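Chemist: My structure is below; once you've seen it, I'll send some questions.
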Amino acid sequence: MTTREYDEHCEKVMGEFLDKYFYNENIEGTITRVKDRNLQVKGVDVVIDDGDVKFYIDEKAAIRYVGLKTFALELSFINRQGGINTGWLLDNKKINDYFLFVWINELNGTEIKDISSIKNVDVALVSKASIFRHLNSLGWTKNNLLEKDHRIRNNEDEYMGNILRDKCKFSYSNHLIEKPINILLPKETYMEIADLSINISV
């Protein structure tokens, strides 16, 4: 199984896990897991319909890291043609209202085979608006983030921040093919600003 195939497998398994242990147990309304590729590209993995309004959720699970204490919000990346694309946090084409962040605390074994592989996770359902309000409180408006992203990509000495002092930091993964630039927030921040944050242990 290639890395990409494993990632896709893990995403499918995590979706099954969340359907069983998160949505069915904690969310009221009709829950639909999206199969339509066009909606998925727009940042929609799950639709919740409570009868009055629909909520669009983009699931973000740290499937490769057990015990992670942060979560990265993507600002930009390099596409296959070598151009710079706007990352999912700032992409105006994404229509999701919420992100569902998932941290794996414990697995059965060393890899995700099926939902029984997942023993303990923390989950935070955070509105996109809450994330931007928090970033604004740290001085990071959308425009400031775009400017910072540009400076990081063009200046190897650009200050990347200290997560303890600045409550956030930036990362530039130039060893990866997509060379993504992210802003990282502490896990506890997501839990605090979430509409719903819980631990799931099975």
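Chemist: Please enumerate the residues belonging to region 40-77 that are more than 14 Å from Val123 (Cα to Cα) and among the aliphatic types (A, V, I, L, M).
Modeler: Val41, Val44, Val46, Val47, Ile48, Val53, Ala72, Leu73, Leu75
Chemist: Scan region 169-183 and tell me whether some residue there is touching a strand residue (DSSP E or B) at 6+ places or on another chain (Cβ under 8 Å), hydroxyl-bearing (Ser, Thr, Tyr) and within 23 Å of Tyr56 (Cα to Cα).
Modeler: No, because not a single residue in region 169-183 is touching a strand residue (DSSP E or B) at 6+ places or on another chain (Cβ under 8 Å), hydroxyl-bearing (Ser, Thr, Tyr) and within 23 Å of Tyr56 (Cα to Cα).
Chemist: Could you check region 165-187 and list, in sequence order, the residues that are loosely packed, with under 13 Cβ neighbours inside 10 Å and modelled with pLDDT of 95 or more?
Modeler: Selection gives Arg165 alone.
Chemist: To continue, here is another question. If you take the residues in region 47-72 that are among the β-branched types (Val, Ile, Thr), under 19 Å from Asp19 (Cα atoms) and under 14 Å from the mean Cα position of the chain (by Cα), which one is least open to solvent (accessible area, probe 1.4 Å)?
Modeler: The extreme case among them is Ile57.
Chemist: Do you know which residues across region 98-118 are in a strand (DSSP E or B) and either surrounded by 15 or more Cβ atoms within 10 Å (Cβ to Cβ) or among the hydrophobic types (A, V, I, L, M, F, W, C) (or both)?
Modeler: Correct list: Tyr98, Phe99, Leu100, Phe101, Val102, Trp103, Ile104, Asn105, Leu107, Ile118.
Chemist: Can you tell me which residues in region 1-46 are touching a helix residue (DSSP H, G or I) at 6+ places or on another chain (Cβ under 8 Å), open to solvent by 40 Å² or more (accessible area, probe 1.4 Å) and of a type in the set (A, V, I, L, M, F, W, C)?
Modeler: Met1, Ile31
Chemist: Just need a number here: residues in region 119-133 that are closer than 12 Å to Ile193 by Cα, in a strand (DSSP E or B) and of a type outside the set (A, V, I, L, M).
Modeler: The total comes to 1.
Chemist: If Arg151 satisfies all but one of (1) open to solvent by 30 Å² or more (accessible area, probe 1.4 Å); (2) modelled with pLDDT of 95 or more; (3) not in a helix (DSSP H, G or I), what's the number of the condition it fails?
Modeler: (3)
Chemist: Right, another one. Quick check on Ile95: is it surrounded by fewer than 19 Cβ atoms within 10 Å (Cβ to Cβ), more than 21 Å from Pro186 (Cα to Cα) and among the hydrophobic types (A, V, I, L, M, F, W, C)?
Modeler: In short, yes.
Chemist: Which of the strands (runs of 3 or more DSSP E) found entirely inside region 158-202 contain at least 2 residues meeting this: in contact with a Cys (Cβ under 7 Å, 6 or more places away or on another chain)?
Modeler: Strands (runs of 3 or more DSSP E) meeting the threshold: 181-186.
Chemist: Based on this model, can you work out whether Leu90 counts as open to solvent by less than 70 Å² (accessible area, probe 1.4 Å) and within 18 Å of the chain's Cα centre (by Cα)?
Modeler: So Leu90 passes the test.
Chemist: Now a separate question. Could you tell me which residue of region 135-148 is nearest to Thr70 (Cα to Cα), considering only residues that are open to solvent by 50 Å² or more (accessible area, probe 1.4 Å) and of a type in the set (D, E, K, R)?
Modeler: Lys142
Chemist: Being charged (D, E, K, R) and surrounded by 16 or more Cβ atoms within 10 Å (Cβ to Cβ) is the filter here, so list the residues in region 119-131 that pass it.
Modeler: Asp122, Lys128
Chemist: Residues of region 134-147 being part of a helix (DSSP H, G or I) and either touching a residue at least 24 places away in the same chain (Cβ under 8 Å) or of a type in the set (A, V, I, L, M, F, W, C) (or both), which ones?
Modeler: If the condition is that a residue be part of a helix (DSSP H, G or I) and either touching a residue at least 24 places away in the same chain (Cβ under 8 Å) or of a type in the set (A, V, I, L, M, F, W, C) (or both), then His134, Leu135, Lys142, Leu145, Leu146 are the ones that fit.
The values are calculated or read from the model by the stated rules, or taken from the named source; none is laboratory data. Here the structure is a predicted model, which is why all the values come from computation and not from measurement. Note: ideal-geometry Cβ built from the backbone for every residue, glycine included; neighbour counts use all protein chains shown. Ligands, DNA and RNA are stripped out before the accessible areas are found, and what is left, the full protein with its side chains, is counted by its heavy atoms. Shrake-Rupley method; radii C 1.70, N 1.55, O 1.52, S 1.80 Å.
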